[in-house]
Amino acid sequence: MNTPNALPRWADLVLLPAVCLFVALMAAAGVVALIGQDPVEVITVLIYGAFGTPRGLSYTLYYATTFIFTGLAVAVAFHGGLFNIGGEGQAILGGLGTGLVALWFSAFLPIWIMLPLMLVSGALFGMAWAAVPAYLQAYRGSHVVITTIMFNFIASSLLVYLLVNHLRPPGVMSVESKPFADSAKLPSMRDALGWLGVDWPASPLNISLLLALLAALGVYLFLWRTRAGYHLRSVGSSPSAAEYAGIKSKHQVIIGMAISGALAGMVGMNEIAGVNGKLLLEFVSGAGFTGIAVALMGRNHPLGIIFASVSFGALFQGGAAAAFEVSGFSRDMVVMLQGFIVLFSGAMVYVIAPWVARALGAVTALLPSTKPSVTSGDHHG
């Protein structure tokens, strides 16, 4: 049954997030004005810094690549009725798996073997790290939110321990591994476009962006075009109804969290293999938590997550440009804007949605009807 506040699917995925983003920007602009800054100047500099130059666009897409992975991780778990807050730890473990394979094998394996091996290793490490909280929830009753938060801290501590005591080269003060061989490094987007004859500026952007887009397509096909995806969404909608239909909800909890962890584990392909070329601390830098906001803003749909990731990437890159070019504007204000986006895309979305539905209904009512009219002349005795 349709409710007065129901939105068409396209409006739920595109229009509603756009309205929420606009409201968040207006709220942030009000705060910027209150502290004595010109909100028009700040937003203009922010947008130009993110999209106005090829280099700025490259940085925006580089940030977006990581957010696509973590946003998809949150979304897959959400469709299974799970709130995975452990994307940070799963990305750390995935990067560790990617880095260990690179350190052990890159000296003698060619790139066409190394890169798929690093991808699979990162996904498996992230999958394993997510499967433990999933098992504890499915079979021991421990809530996945609590256990994934705990596993974030364990993953961070484990990475520090391994880097400090085992992976750091002797005599090196910085907490990082030795650099990988060239066979363990993803080609940059500049090199990839150069092969096609396109001149592109140097930046951290690399071909893991294409991997992230393929992951988004894979998640869409899995959730909405396969029986396994239907089973997962059924459990997320109603575990008791799914059990009655013969779907084992405990198995779906394990499957959903495992896929979620594998997606988060792919972050290392961007940050470790694509940019740094070595294993180091803080390469995730909160991207796991940003993925929660990305999934909320993207309405847990792969297409929405792509656009939300680009928006957050623009916020990171444009915010850095604004902090550099606008006197008195700091990166703390970018964090404030992130908070507004999370507020209006998450907590306030159910306040905004009815207004959007009513406005859309009013516009639709003004459009000419496409239904064929029936006149008395159409009836024949």
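The values are calculated or read from the model by the stated rules, or taken from the named source; none is laboratory data. Quick caveat: nothing in here was measured; it's all calculated off a predicted structure. Note: ideal-geometry Cβ built from the backbone for every residue, glycine included; neighbour counts use all protein chains shown.
Some points to look at:
- Across the stretch 220-234, the qualifying residues are those that are aliphatic (A, V, I, L, M) and in contact with a His (Cβ under 9 Å, 6 or more places away or on another chain), and the one among them that is surrounded by the fewest Cβ atoms within 10 Å (Cβ to Cβ) is Leu223.
- Of the residues making up the stretch 67-79, not a single one is of a type outside the set (Phe, Trp, Tyr) and farther than 30 Å from Val132 by Cα.
- Hits in the stretch 155-178 - residues which are β-branched (Val, Ile, Thr), part of a helix (DSSP H, G or I) and free of Cβ contacts under 8 Å to residues at least 60 places away in the same chain: Val164
- If you go through the stretch 247-266 and keep only what is surrounded by 24 or more Cβ atoms within 10 Å (Cβ to Cβ) and closer than 18 Å to Gly94 by Cβ, you end up with Gly256, Met257, Ile259, Ser260, Gly261, Ala262, Leu263, Ala264, Gly265, Met266.
Yes/no per residue for (1) among the β-branched types (Val, Ile, Thr); (2) touching a helix residue (DSSP H, G or I) at 6+ places or on another chain (Cβ under 9 Å):
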{"residue": "Ala155", "(1), (2)": "no, yes"}
{"residue": "Gly194", "(1), (2)": "no, no"}
{"residue": "Leu213", "(1), (2)": "no, yes"}
{"residue": "Val219", "(1), (2)": "yes, yes"}
{"residue": "Ala241", "(1), (2)": "no, yes"}
{"residue": "Tyr244", "(1), (2)": "no, no"}
{"residue": "Leu263", "(1), (2)": "no, yes"}
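- Residue in the stretch 237-246 that is among the hydrophobic types (A, V, I, L, M, F, W, C), outside any helix (DSSP H, G or I) and within 25 Å of Gln317 (Cα to Cα) present: no
- If you go through the stretch 179-219 and pick out every residue that is small (Gly, Ala, Ser), surrounded by 13 or more Cβ atoms within 10 Å (Cβ to Cβ) and not in a helix (DSSP H, G or I), you end up with 3.
- Which numbered condition Leu34 misses (of (1) surrounded by fewer than 18 Cβ atoms within 10 Å (Cβ to Cβ); (2) more than 19 Å from Gly361 (Cβ to Cβ); (3) in contact (Cβ under 8 Å) with a residue 60 or more places away in the chain): (3)
- Residues in the stretch 122-134 include at least one that is touching a Ser or Thr at 6+ places or on another chain (Cβ under 8 Å) and surrounded by fewer than 24 Cβ atoms within 10 Å (Cβ to Cβ).
- Selection count where residues are under 22 Å from Ala287 (Cβ atoms), part of a loop (DSSP other than H, G, I, E, B) and not small (Gly, Ala, Ser), scope the stretch 300-359: 2
- Members of the stretch 221-248 that are hydroxyl-bearing (Ser, Thr, Tyr) and in contact (Cβ under 8 Å) with a residue 40 or more places away in the chain: Ser237
- The set of residues from the stretch 173-197 being closer than 28 Å to Gly87 by Cβ, under 28 Å from the mean Cα position of the chain (by Cα) and not small (Gly, Ala, Ser) comprises Val175, Glu176, Pro179, Phe180, Lys185, Leu186, Pro187, Met189.
- Residues being farther than 16 Å from Ser58 by Cβ and surrounded by fewer than 24 Cβ atoms within 10 Å (Cβ to Cβ) - total across the stretch 270-282: 6
- Identity of the residue in the stretch 94-124, of a type in the set (Phe, Trp, Tyr) and in a helix (DSSP H, G or I), that ends up nearest to the chain's Cα centre (by Cα): Trp112
- For the stretch 275-291, residues that are in contact (Cβ under 8 Å) with a residue 40 or more places away in the chain and in a loop (DSSP other than H, G, I, E, B) total 7.
- Top-ranked residue of the stretch 77-93 - restricted to ones that are not hydrophobic (A, V, I, L, M, F, W, C) and not in a helix (DSSP H, G or I), ranked as surrounded by the fewest Cβ atoms within 10 Å (Cβ to Cβ): Gly81
- Screening Leu61 on (1) under 30 Å from Ala123 (Cα atoms); (2) of a type in the set (A, V, I, L, M); (3) loosely packed, with under 15 Cβ neighbours inside 10 Å shows it passes everything except condition (3).
- Identity of the residue in the stretch 139-172, surrounded by fewer than 19 Cβ atoms within 10 Å (Cβ to Cβ) and of a type in the set (Gly, Ala, Ser), that ends up farthest from Asn84 (Cα to Cα): Gly171
- Scope the stretch 24-45; condition in contact with a helix residue (DSSP H, G or I) (Cβ under 7 Å, 6 or more places away or on another chain) and at pLDDT 90 or above; matching residues: Val45
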